[in-house]
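Student: Mind having a look at this structure? Questions to follow.
The values are calculated or read from the model by the stated rules, or taken from the named source; none is laboratory data. The model shown is predicted, which means the values in this text are computed figures rather than measured ones. Reconstructed Cβ throughout: ideal geometry from the backbone, glycine too, with neighbour counts over all protein chains shown.
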Amino acid sequence: MTEHRPQEDHIFELLQSLNKGIGPKFERCAGISPSRLRLLQELFQVDEISQISLQKAIDIDAAAITRHLKGLEEDGVITRRNNPADNRVTLVSLTQKGREKIVSYRKEKNQFINGLLTDFDEQDRIALIDLLTRIQHNIGSL
């Protein structure tokens with residue numbers, strides 16, 4: 001029988017709560033979901049990219065990327081077109097509106113992060129990065 005460890009239970013509950021709460025709170029503050037912002041940031045780095053390459057770059061499933069891109073296209077921040085050399089490939093790029101909006105989204109993201117890390121000094125932030133990186137590494141090992 002495994003020993004009951006309330007400290008580990010509490011850590012797990014806190015991590016679950018953070019995971020559940022950070023996305024919706026960020027979206028309310030920034031006006032965009034973390035996933036869509038990540039997508040736009042990736043697109044900001046390139047002129048045009050295939051949908052499949054974009055999907056792999058941000059590590060998201062095919063249905064989710066299609067859903068996100070459809071919404072972003074409806075908002076006028078991205079365009080999609082078939083690759084003339086291969087109609088099976090969809091190419092994605094930011095519109096001018098998308099390039100302008102990402103600037104404001106980045107400001108909102110910075111304000112959100114600063115709010116999350118209020119009262120964390122530099123040593124706290126470095127320790128937090130180290131601890132979260134170790135947890136992420138451990139998840140990969142499970």
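Student: Limited to segment 58-90, what total is found for residues that are small (Gly, Ala, Ser) and not in a loop (DSSP other than H, G, I, E, B)?
Tutor: Final tally of qualifying residues: 4.
Student: Going through segment 105-128 one residue at a time, which ones are over 21 Å from Leu40 (Cα atoms), charged (D, E, K, R) and either outside any helix (DSSP H, G or I) or modelled with pLDDT under 95 (or both)?
Tutor: Within segment 105-128, Asp119, Asp121 meet the criteria.
Student: Quick check, is Lys97 under 27 Å from Gly31 (Cα atoms), of a type in the set (Lys, Arg) and touching a residue at least 40 places away in the same chain (Cβ under 8 Å)?
Tutor: The answer is no for Lys97.
So that you can scan it fast, the table gives a plain yes or no per residue for (1) at positive phi; (2) in a helix (DSSP H, G or I); (3) surrounded by 13 or more Cβ atoms within 10 Å (Cβ to Cβ):
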| residue | (1), (2), (3) |
| --- | --- |
| Ile52 | no, yes, yes |
| Lys56 | no, yes, no |
| Val92 | no, no, yes |
| Asp130 | no, yes, no |
| Asn138 | no, yes, no |
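Student: Looking only at segment 24-42, count how many residues are within 10 Å of the chain's Cα centre (by Cα) and either polar (S, T, N, Q) or surrounded by fewer than 15 Cβ atoms within 10 Å (Cβ to Cβ) (or both).
Tutor: Total satisfying the criteria: 3.
Student: Something else: Restrict the check to segment 6-13 and report whether at least one residue is in a helix (DSSP H, G or I) and within 20 Å of Ile78 (Cβ to Cβ).
Tutor: Taking every residue of segment 6-13 in turn, none turns out to be in a helix (DSSP H, G or I) and within 20 Å of Ile78 (Cβ to Cβ).
Yes/no matrix, rows are residues, columns are (1) surrounded by 12 or more Cβ atoms within 10 Å (Cβ to Cβ); (2) among the small types (Gly, Ala, Ser); (3) touching a strand residue (DSSP E or B) at 6+ places or on another chain (Cβ under 8 Å); (4) over 29 Å from Gly31 (Cβ atoms):
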| site | (1), (2), (3), (4) |
| --- | --- |
| Val89 | yes, no, yes, yes |
| Lys107 | no, no, no, no |
| Ala127 | yes, yes, no, yes |
| Arg134 | no, no, no, yes |
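Student: So Ala62 passes all but one of these: (1) at pLDDT 95 or above; (2) touching a helix residue (DSSP H, G or I) at 6+ places or on another chain (Cβ under 8 Å); (3) among the small types (Gly, Ala, Ser). Which condition number does it fail?
Tutor: Failed condition: (1).
Student: I need every pair where a residue in segment 32-49 that is closer than 15 Å to Asn110 by Cβ and in contact (Cβ under 8 Å) with a residue 60 or more places away in the chain has its Cβ under 6 Å from the Cβ of a residue that is among the hydroxyl-bearing types (Ser, Thr, Tyr) and in a helix (DSSP H, G or I), sequence separation at least 6 or different chains.
Tutor: Cβ pairs passing all conditions: Ile32/Tyr105; Leu37/Tyr105.
Student: Could you please let me know if Leu43 is over 21 Å from Ile139 (Cβ atoms) and in contact with an Asp or Glu (Cβ under 7 Å, 6 or more places away or on another chain)?
Tutor: So Leu43 does not fit the description; no.
Student: Quick one: which of Ile102, Ile58, Ile65, Ile78 is in contact with an Asp or Glu (Cβ under 7 Å, 6 or more places away or on another chain), in contact (Cβ under 8 Å) with a residue 12 or more places away in the chain, closer than 20 Å to Gln41 by Cβ and not polar (S, T, N, Q)?
Tutor: Ile58
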